[in-house]
Amino acid sequence: MYLSKVVLKQSPKLFGFLSKRSGTDGYAAHQLLWGLFPNRGKKTRDFLYYKQEGGGLPFFLIISQDRPVENEALEVSTKDFLPKLNAGDRLAFSLQANPVISRKEGEKSIRHDVLMDVKYRLKEKNLSLAEINSASEKAAKEWLIAQGERTGFSCSLESISIDGYKKHSFYKKKSAVPIKFSSIRYEGILSVTDPEKFVDMLKKGLGKSKAFGCGLMLVRRI
């Protein structure tokens, strides 16, 4: 596995591409980063990325099975990704995720945005906006805690902060149906409980919408 930092070059190829895709939707980033893996053939996506903003063009952090290949639009610096962790290790983390919950509706199981699901269920209970927001934020944190129970880490409500809630809607090329999902930024402190499961999660990602910048957890020792 590889961990790469990808910086956008201010090149004619980049600006030509972004002008066609409007430069604002998540599918543009998805397509750009696919271009780093030109020899994939018909393989499905097996990389994760995390978009970082800051003073000008954004840059991306990518975890991938194949080594990315720099091109005219993207500058890449890559190193091996070989995390060595033990049970009990404490790590600071940052994650953009799409937290969803599935509910049975008739014969189908329908996914719902965790935060909006709580707000919808509480809207008729005569609660204040602050109470509803507090309940939805708690639900978002509880989603992450539950994910950790099955993927080898633990964290508490008090150790998690969330912000940057955003709804996304964009179109794939030649599709009349928009892709819609929401995302939220998590930061905090966790403890590794099962190193093997945890490293597998770091490689495969957490939650849904991984093709559009969700799911990659960045960690550092503290």
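The values are calculated or read from the model by the stated rules, or taken from the named source; none is laboratory data. Just so it is clear, the structure is predicted and the values come from calculations on it, not from any experiment. For neighbour counting, all protein chains shown are included, and Cβ atoms are generated from backbone atoms with ideal geometry for every residue, glycine included. Just the protein is used for accessible areas: all its heavy atoms, side chains included, with ligands, DNA and RNA removed. Shrake-Rupley method; radii C 1.70, N 1.55, O 1.52, S 1.80 Å.
Miscellaneous remarks
- Leading residue by the ranking (farthest from A140 (Cα to Cα)) among those in region 155-209 that are at pLDDT 95 or above and of a type in the set (S, T, Y): T193
- Filter result (open to solvent by 20 Å² or more (accessible area, probe 1.4 Å) and of a type in the set (S, T, Y)) within region 115-160: Y120, S128, S134, S154, S156, S159
- Yes/no for A97 being under 24 Å from the mean Cα position of the chain (by Cα) and surrounded by fewer than 15 Cβ atoms within 10 Å (Cβ to Cβ): no
- Inspection of region 207-214 finds no residue satisfying the criterion of being touching a strand residue (DSSP E or B) at 6+ places or on another chain (Cβ under 8 Å), of a type outside the set (F, W, Y) and free of Cβ contacts under 8 Å to residues at least 40 places away in the same chain.
- The residues of region 182-206 that are open to solvent by less than 20 Å² (accessible area, probe 1.4 Å) and in contact (Cβ under 8 Å) with a residue 60 or more places away in the chain, listed by number, are S182, S183, I184, Y186, G188, L190, V192, F198, L202, G205, L206.
- For region 46-75, filtering for residues that are more than 20 Å from G164 (Cβ to Cβ), of a type in the set (A, V, I, L, M) and either open to solvent by 30 Å² or more (accessible area, probe 1.4 Å) or more than 21 Å from the chain's Cα centre (by Cα) (or both) leaves 2.
- Residue check, V6 more than 30 Å from S156 (Cα to Cα), under 19 Å from the mean Cα position of the chain (by Cα) and at pLDDT 90 or above: yes
- Residues of region 12-45 classified as modelled with pLDDT of 80 or more, surrounded by fewer than 16 Cβ atoms within 10 Å (Cβ to Cβ) and in a loop (DSSP other than H, G, I, E, B), total: 1
- Pairs where the first residue, in region 85-101, is free of Cβ contacts under 8 Å to residues at least 60 places away in the same chain and the second is part of a strand (DSSP E or B) and acidic (D, E), C-beta under 9 Å, 6+ apart: I101/D113
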